[in-house]
Amino acid sequence: MSAELTLGSVGRRIAARLFSPPDGERSGAAVLFVHGQGSSQRGYLERAAAVTERLGATCLTFDLSGHGESDGDRGMLTPRDHLEDVLGAFDALLEAPGVEPGRVGVCAASYGAYLAALLLGERDVRSALIRAPALYSDADLDRPDPNRLSTTETVETAAALRAVAAYGGPLLVVESEHDEAIPHAIVESYLRAGRDARHELIRGAAHRLSEERWKLRFVEIVVAWFAETLGA
């Protein structure tokens with residue numbers, strides 16, 4: 001069962017959808033899904049539905065400001081603005097019926113994975129899965145640029161890596177074998193920073209999981225990861 005929601009993020013209207021297990025089937029676990037730059041929650045609806053159905057977990061998808069049906073001009077928004085969206089969505093998920101605060105995970109891709117890494121330093125996240133994670137320097141946090149390119153950074157220059165380094169929970173970094181947008185060096189940066197980081201490769205996949213077999217493989221990875229790390 002899913003229902004549309006409207007969240008408030010620093011005065012902007014954020015479109016979201018909450019996936020709830022049937023009464024009596026709630027495991028107490030929950031997962032927040034965060035999409036990438038220029039995308040929307042639409043690509044995560046099927047994934048959230050699968051996690052809810054198979055793990056009894058409550059899930060939340062949403063459109064970042066300036067994306068999908070959410071308010072905002074994407075060209076004027078910064079990563080810090082979008083982090084506020086993620087924080088608001090995470091807090092909304094915590095308030096959903098049956099969610100146990102210590103059993104909330106995050107699943108995100110690309111720019112959303114970068115935001116999810118920042119989230120690790122701001123909230124109590126039980127486990128995280130980041131696919132094809134983007135990475136930006138501290139100088140980019142307050143700079144609007146919807147066309148910015150990921151760069152290889154260090155813990156000293158990237159807040160996302162510092163948050164991952166300080167994070168004590170399990171982290172899975174999923175890489176596309178033929179990713180044309182995120183170089184392997186960035187994946188390695190996240191893996192080196194994490195205290196409990198694991199790596200999973202989707203064979204043959206490009207950055208965007210455009211083929212059905214890649215999408216299905218990713219769903220299997222997501223379900224297996226949160227079954228293990230959230231006890232669902």
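The values are calculated or read from the model by the stated rules, or taken from the named source; none is laboratory data. Small disclaimer: the values here were computed from a predicted structure and weren't measured. Neighbour counts are summed over all protein chains in view; Cβ atoms, including those assigned to glycine, are modelled from backbone coordinates with ideal geometry.
For this structure, a couple of remarks:
- Considering each residue of the range 167-178 in turn, at least one proves to be within 27 Å of L230 (Cβ to Cβ), of a type in the set (S, T, N, Q) and buried (at least 16 other Cβ atoms within 10 Å of the Cβ).
- Condition met for G43 (modelled with pLDDT under 95 and assigned to a helix (DSSP H, G or I)): yes
For (1) in contact (Cβ under 8 Å) with a residue 60 or more places away in the chain; (2) closer than 16 Å to E4 by Cα; (3) touching a helix residue (DSSP H, G or I) at 6+ places or on another chain (Cβ under 6 Å); (4) buried (at least 17 other Cβ atoms within 10 Å of the Cβ), each residue gets a yes or a no:
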{"position": "F19", "(1), (2), (3), (4)": "no, yes, yes, yes"}
{"position": "G36", "(1), (2), (3), (4)": "yes, no, yes, yes"}
{"position": "R42", "(1), (2), (3), (4)": "no, yes, no, no"}
{"position": "R80", "(1), (2), (3), (4)": "yes, no, no, no"}
{"position": "D85", "(1), (2), (3), (4)": "yes, no, no, yes"}
{"position": "V99", "(1), (2), (3), (4)": "yes, no, no, yes"}
{"position": "G102", "(1), (2), (3), (4)": "no, no, no, no"}
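- From the options R213, R195, residue that is surrounded by fewer than 17 Cβ atoms within 10 Å (Cβ to Cβ), in contact with a helix residue (DSSP H, G or I) (Cβ under 8 Å, 6 or more places away or on another chain), charged (D, E, K, R) and over 12 Å from R131 (Cα atoms): R195
- Residue match in the range 184-192 (condition: basic (K, R), surrounded by fewer than 16 Cβ atoms within 10 Å (Cβ to Cβ) and without any contact (Cβ under 8 Å) to a residue 24 or more places away in the chain): yes
- Only one of the numbered conditions (1) over 16 Å from A108 (Cα atoms); (2) charged (D, E, K, R); (3) touching a residue at least 60 places away in the same chain (Cβ under 8 Å) is violated by D23, and that is (3).
- Test: G28 is within 14 Å of A108 (Cβ to Cβ) and either crowded, with 17+ Cβ neighbours inside 10 Å or of a type in the set (D, E, K, R) (or both): no
- Residue within the range 105-112 that is assigned to a loop (DSSP other than H, G, I, E, B), touching a residue at least 40 places away in the same chain (Cβ under 8 Å) and surrounded by 24 or more Cβ atoms within 10 Å (Cβ to Cβ) present: yes
- The condition of being more than 16 Å from S127 (Cα to Cα), at pLDDT 95 or above and among the aliphatic types (A, V, I, L, M) holds for only one of A197, A206, that being A206.
- In the range 139-150, the residues that are crowded, with 16+ Cβ neighbours inside 10 Å and farther than 11 Å from P79 by Cα: S150
- From the list L60, L115, L32, the one residue that fits, being under 29 Å from A159 (Cα atoms), modelled with pLDDT of 95 or more and outside any strand (DSSP E or B), is L115.
- Residue check for D85: over 18 Å from E188 (Cα atoms), under 13 Å from the mean Cα position of the chain (by Cα) and at pLDDT 95 or above: yes
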